[in-house]
Amino acid sequence: MSDASKTKSEEEWRAILTPAQFRVLRSKGTEPPGTGEYEHNKAPGIYTCGACHTPLYKSSTKFDSGCGWPAFFDAIPGAVSRHEDRSLGMTRIEITCTACGSHLGHVFKGEGYKTPTNERHCVNSISLSFAADDKQSTSS
């Protein structure tokens, strides 16, 4: 369910995103492994879409997969859509922001990670923004 503020033409997205963000979020690119700012982020908070800022992932679902990109075992219900991706001569599951359709990355199943879902949402850092949860980070 997207609202008008999250539905833009490609020209409008190009005007508000950096060229690197546009390449990944709107043209389904991939940032090089190990280069994203959120790969090793362990702060409590919410990861939002880098294009429309819709909440996508809670930090409590993030885990260290060693893959070179931020990894999550589950998304906020309804925030992420799955699509078959047959590019690169194989079948994968692409994940996009449900609100604006921006490319996030891919989801992989059955890799043996000790997570509740046995899934790894492999997400480009550049596809995300992060809002720290100040209440969680000051308590403990």
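Observations
- Residues that are over 17 Å from Arg23 (Cβ atoms) and either free of Cβ contacts under 8 Å to residues at least 40 places away in the same chain or touching a helix residue (DSSP H, G or I) at 6+ places or on another chain (Cβ under 7 Å) (or both) were ranked within segment 119-137; the one that is surrounded by the most Cβ atoms within 10 Å (Cβ to Cβ) is Asp134.
- Matching residues in segment 85-105 - criterion: being farther than 15 Å from Tyr47 by Cα, modelled with pLDDT of 95 or more and part of a strand (DSSP E or B): Ile93, Glu94
- Whether a residue is of a type in the set (Ser, Thr, Tyr) and part of a strand (DSSP E or B) was assessed, and Tyr57 passes this test.
- Of the set (1) part of a strand (DSSP E or B); (2) closer than 19 Å to Phe130 by Cβ; (3) touching a helix residue (DSSP H, G or I) at 6+ places or on another chain (Cβ under 9 Å), all apply to Gly36 but (1).
- Matching residues in segment 21-46 - criterion: being exposed (fewer than 15 other Cβ atoms within 10 Å of the Cβ) and of a type in the set (Val, Ile, Thr): Thr35
- Close pairs from segment 6-21: first of a type in the set (Gly, Ala, Ser), partner part of a helix (DSSP H, G or I), Cβ under 8 Å, at least 6 apart: Ala20/Ile126
- Considering the conditions (1) touching a residue at least 40 places away in the same chain (Cβ under 8 Å); (2) of a type in the set (Gly, Ala, Ser); (3) farther than 14 Å from Val123 by Cα, Ser60 is excluded by exactly one of them, (1).
- Taking the criterion of being under 11 Å from the mean Cα position of the chain (by Cα) and hydroxyl-bearing (Ser, Thr, Tyr), the only residue of segment 99-120 that qualifies is Ser102.
- Sole residue being of a type in the set (Asp, Glu) and free of Cβ contacts under 8 Å to residues at least 12 places away in the same chain, chosen from Glu84, Glu94: Glu84
- In the set Cys67, Cys49, only one residue is closer than 21 Å to Ala99 by Cα and surrounded by 14 or more Cβ atoms within 10 Å (Cβ to Cβ); that residue is Cys49.
- Qualifying residue in segment 73-94 (condition: surrounded by fewer than 14 Cβ atoms within 10 Å (Cβ to Cβ), in contact with a strand residue (DSSP E or B) (Cβ under 6 Å, 6 or more places away or on another chain), within 20 Å of Phe22 (Cβ to Cβ) and not aliphatic (A, V, I, L, M)): yes
The values are calculated or read from the model by the stated rules, or taken from the named source; none is laboratory data. Since the structure is predicted, the reported quantities are computational estimates derived from the model, not experimental observations. We place every Cβ from the backbone using ideal geometry, glycine too, and count neighbours over all the protein chains shown.
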